[in-house]
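FYI, it's all coordinate maths here, none of it is from the lab. Nothing here was measured: the structure is a model prediction, and the numbers come from that model. Cβ placement follows ideal geometry from the backbone for every residue including glycine, while neighbour counts extend to all protein chains displayed.
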Amino acid sequence: LRFPEKLWKMLESDQFQSIWWSEGGKCVAINKDLFEVEVLGREGQQVFHTQKIRSFMRQLNAYGFTKMQRNFQRSASLPEFLAEEAAASAHSQILYYYNPSFNRAHPWLSETCKRR
């Protein structure tokens, strides 16, 4: 699978607690510390071909994702809000990435995510 397809499957899976849809499905939220352990630190079952968060972030950038600062409002949905609150209370760094072609409400747009 291509990077955007892997990312989409991960976001839709209940298997991962370190990554979720934010802002009503318009942004990808990543609990950096937990992601490094839960996803990148997997032995023998790697999702992505890297064990480094920097390489994963470069992949995001290569597919047109931009890092967002957390100055927008809290998520409206309860599960997103609770996930963000739990992550914030654990003092973990939450990273937010946005791509106009990567939106939960419009899954067909993800096919237009091409590597630059």
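Things to note:
- Spin-label proximity, Glu111 to segment 19-62 - amide N less than 18 Å from point 7 Å beyond Cα toward beta carbon: none
- Based on DSSP H segments of at least four residues, each scored -39500 (n - 2.57), the chain has a per-residue ellipticity at 222 nm of -9000 deg cm²/dmol.
- Proximity of backbone amide H atoms, modeled 1.01 Å from N, is registered between Phe65 and no other residue at under 5 Å, excluding neighbours fewer than 5 places apart on the same chain.
- Helical segments meeting 24 Å axial Cα length and Kyte-Doolittle 1.0 threshold in the chain (DSSP H): none
- Within a straight-line Cα-Cα reach of under 17 Å, Lys6 can be paired with the following aspartates and glutamates, leaving aside sequence neighbours fewer than 8 residues apart in one chain: Asp14, Glu36, Glu38, Glu111.
- Set against the 2.2 N^0.38 Å expectation for a compact globular protein, segment 3-112 has a Cα radius of gyration ratio of 1.00.
- R0 of 22 Å, Cβ-Cβ distance Phe81-Asp14: FRET efficiency to nearest 0.05: 0.80
- With a Förster radius of 30 Å applied to the C-beta separation of Arg54 and Arg2, the computed FRET efficiency comes to 0.90.
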